[in-house]
Amino acid sequence: MTSASGISNPTFFSGPSDKLSGSEDMTERKDIPYKNLTGTDDDKISVVSDEGDLQCSTSESSLSENSVDIPTAKEREAKSTKRSSSGSDSTKSIKKESSDGKSLENIQDHESVESKKAKKTSSKFIVMMVLSAFTAIFGVAMLAGGYDALFDSILQSQMEVKPGSQAYDIWKDTPVPLTISFYLFNLTNPVEFTNGGRPMVDEIGPYVYREYHKKTNLEFHENATVSFYQQRWWVWDQEASGNLSEDDPICILNTVPVSAAYSSRDHPFQLTGLNMVLNQVNETLTGVFPARQILFDGYQDPLLDYVQRILNNESRIPPEALDLLDLPDGLLNYDRMGWFYKRNLSETYDGWFNMFTGTDTLDHVGNIDWWNQIRETDYYHEGCNQIFGSAGEIWPPGQSATSISFYCTDMCSTLTLRYKEDVTDEFGLEGYRYWADNMTFASADVAPENLCYCFTNDTCPPSESELGVPISVRARMQLNMAVVPYKNLFGFGTIDILKRVKEVILPLIWFEVSAGLTEELAKDLKPVMFLLHTPTMTIIWSLLVVCGVCGFGAVLFWWKR
């Protein structure tokens, strides 16, 4: 067929399904035009399938140079293989370029990581150098006095007596268990003694009580002191007392008439009037009373009953008449006699204290500023009547192995205890032991400084070494009374119940107050005592300096490398 343009378009004719040499199986074909084939008007190409033979027929005119040969199957396959190979080479080239790009990226990432590592390493070196330098400087500062200042600051905060400190809690409500044990001297020959015989006594005890302390009515002042009352109370401990009972009868010296006579000793007229009263009320020199009355409950006495009737206007004698007898205050203020009478649970019996709190300095923490608003008592002569020293529960830190002093309200005097020895308690805590030695209560002929304790220059108590005992964990006190005869040749100034007695120092009672640290308090104190008595902290600060310097040098050396 010839197109309108005169160019013959080749046409494929369908024919039987035959195999072409070197080609794949062929199925039904449709006419497929070949574009861009040029030739003469009469030129045409015919492709005919005849029984499997491929025949090409042309017109008489030859194909022009622009004619296209139809490739055979083998040629088409060869070209296809070539194109495939070319495509593969192209793919390989792309992959190579891609691989080269990834390698470059990896190199860049590696350099970035290395840079970050270098920065991190540099930062670590700087931090280590700073820490080493700080450690060395800190250690030097502690050795140069920083630790002492720090320790003193902490000690100050805990030792000063103010709300919130450990010392305040211990001082206000004593957590240490206290025990008081009484030993009474039973007079076995009262009749012989009254008639001038030598007194014979037996010691009976212990009568044991649990003792408790509490500070009340606290008032803090701007001069770093605190005023307060001390409340004490006692509870009977039958188990610790064994077979003894509070109802045991004890024969004792009746101290009421003896004290009244001593108060008027220098006034014969008053002694004569007192003697009349004693005879009128049938007063006796000795008496038998239950232990509980001797100690806490108090026992009735004829002279005390007489005085109270007058004071309460229950007698025809006016109260002013008592001034003639010059009786001591104790006989005017009490209706019974007992060593601890009216003291159990009393807030005011021990008196009103004013004590340094240590908020300004610990040099006098715990020391008494005044007692009952006075700094001297009128009970003893000058030199023995001064009020100073500790209140008996807290002393300033840093005590030396010499002596300590405390004010004893029971004796209305300050006692000085002297160093005896170093001690270690059951929990391993080390400390000093102070005690009242032979010189504490020695007679004035042995210790002239004790002359102020004497009644007169000619009447001084003898030396008694038994009174000097340790008080690191316990305190013992014995009360004696001087019994002297009051006899006048003409009967003026005579006390009948005392005119035949021998002059003696008669023991009346002694008691022991024991206090032991609890295990919990010992654990709290142990680390502090360890630091105070060992060079531990000095070694630690020295090691810090060495470690800091060595660390700084090591870091600097490796950094420079």
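The values are calculated or read from the model by the stated rules, or taken from the named source; none is laboratory data. Computed from a prediction, not measured in an experiment: that's the story for all the values here. Positions of Cβ are backbone-derived with ideal geometry, glycine not excepted, and every protein chain shown enters the neighbour counts. What goes into the accessible areas is simple: the full protein's heavy atoms, side chains included, and nothing from ligands, DNA or RNA. Shrake-Rupley method; radii C 1.70, N 1.55, O 1.52, S 1.80 Å.
Here are some notes:
- Tally of residues being modelled with pLDDT of 90 or more and open to solvent by less than 30 Å² (accessible area, probe 1.4 Å) across segment 174-185: 6
- Among residues of segment 251-273 that are touching a residue at least 12 places away in the same chain (Cβ under 8 Å), those with a Cβ under 7 angstrom from a residue that is among the aromatic types (Phe, Trp, Tyr) and not in a strand (DSSP E or B), sequence gap 6+ or separate chain, pair up as Ala261/Tyr486; Pro268/Phe492; Leu271/Tyr486; Thr272/Phe492.
- Some residue of segment 348-356 being open to solvent by less than 70 Å² (accessible area, probe 1.4 Å) and assigned to a loop (DSSP other than H, G, I, E, B): yes
- The single condition among (1) free of Cβ contacts under 8 Å to residues at least 12 places away in the same chain; (2) assigned to a loop (DSSP other than H, G, I, E, B) that Lys162 does not satisfy is (1).
- Among residues of segment 486-514, those that are surrounded by 14 or more Cβ atoms within 10 Å (Cβ to Cβ) and under 19 Å from Asn279 (Cβ atoms), counted: 11
- Being part of a strand (DSSP E or B) and either open to solvent by less than 20 Å² (accessible area, probe 1.4 Å) or in contact with a His (Cβ under 6 Å, 6 or more places away or on another chain) (or both) is a property that does not hold for Ile204.
- Among residues of segment 334-348 that are closer than 24 Å to Phe228 by Cβ, those with a beta-carbon under 7 Å from a residue that is charged (D, E, K, R) and open to solvent by less than 70 Å² (accessible area, probe 1.4 Å) at least six positions away or on a different chain give the pairs Arg343/Arg232.
- Against the list (1) open to solvent by less than 40 Å² (accessible area, probe 1.4 Å); (2) modelled with pLDDT of 95 or more; (3) within 27 Å of the chain's Cα centre (by Cα), the condition Trp171 fails is (2).
- Conditions (1) assigned to a strand (DSSP E or B); (2) open to solvent by less than 60 Å² (accessible area, probe 1.4 Å); number of the one not met by Pro396: (1)
Residues are listed down the side, and each one gets a yes or a no for (1) modelled with pLDDT under 85; (2) crowded, with 19+ Cβ neighbours inside 10 Å; (3) in a loop (DSSP other than H, G, I, E, B):
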| residue | (1), (2), (3) |
| --- | --- |
| Asp363 | no, no, no |
| Trp370 | no, no, no |
| Tyr380 | yes, no, yes |
| Gly383 | yes, no, yes |
| Phe388 | no, no, yes |
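- Among (1) within 27 Å of Phe511 (Cβ to Cβ); (2) in contact with a strand residue (DSSP E or B) (Cβ under 9 Å, 6 or more places away or on another chain), the one test that Lys342 misses: (2)
- Scanning segment 331-346 for residues that are open to solvent by less than 70 Å² (accessible area, probe 1.4 Å) and either among the polar types (S, T, N, Q) or not in a helix (DSSP H, G or I) (or both) yields Tyr334, Asp335, Met337, Gly338, Trp339, Phe340, Tyr341, Arg343, Asn344, Ser346.
- Remark: Tyr212 falls outside the filter, which requires a residue to be in a helix (DSSP H, G or I), under 30 Å from Trp352 (Cβ atoms) and open to solvent by 40 Å² or more (accessible area, probe 1.4 Å).
- Selection within segment 410-422 - open to solvent by 30 Å² or more (accessible area, probe 1.4 Å) and either under 30 Å from Tyr379 (Cα atoms) or in contact with a Gly (Cβ under 6 Å, 6 or more places away or on another chain) (or both): Asp410, Met411, Cys412, Thr416, Arg418, Tyr419, Lys420
- For segment 271-281, the condition holds for no residue, the condition being that it is of a type in the set (Ser, Thr, Tyr), surrounded by 15 or more Cβ atoms within 10 Å (Cβ to Cβ) and at pLDDT 95 or above.
- Selection of first residues in segment 360-376 that are under 14 Å from Phe388 (Cβ atoms) and of second residues that are open to solvent by 40 Å² or more (accessible area, probe 1.4 Å) and in a loop (DSSP other than H, G, I, E, B), restricted to Cβ pairs under 7 Å at least 6 apart or on distinct chains, gives the following pairs, ordered by first then second residue: Gly366/Glu393; Gly366/Trp395; Ile368/Phe388.
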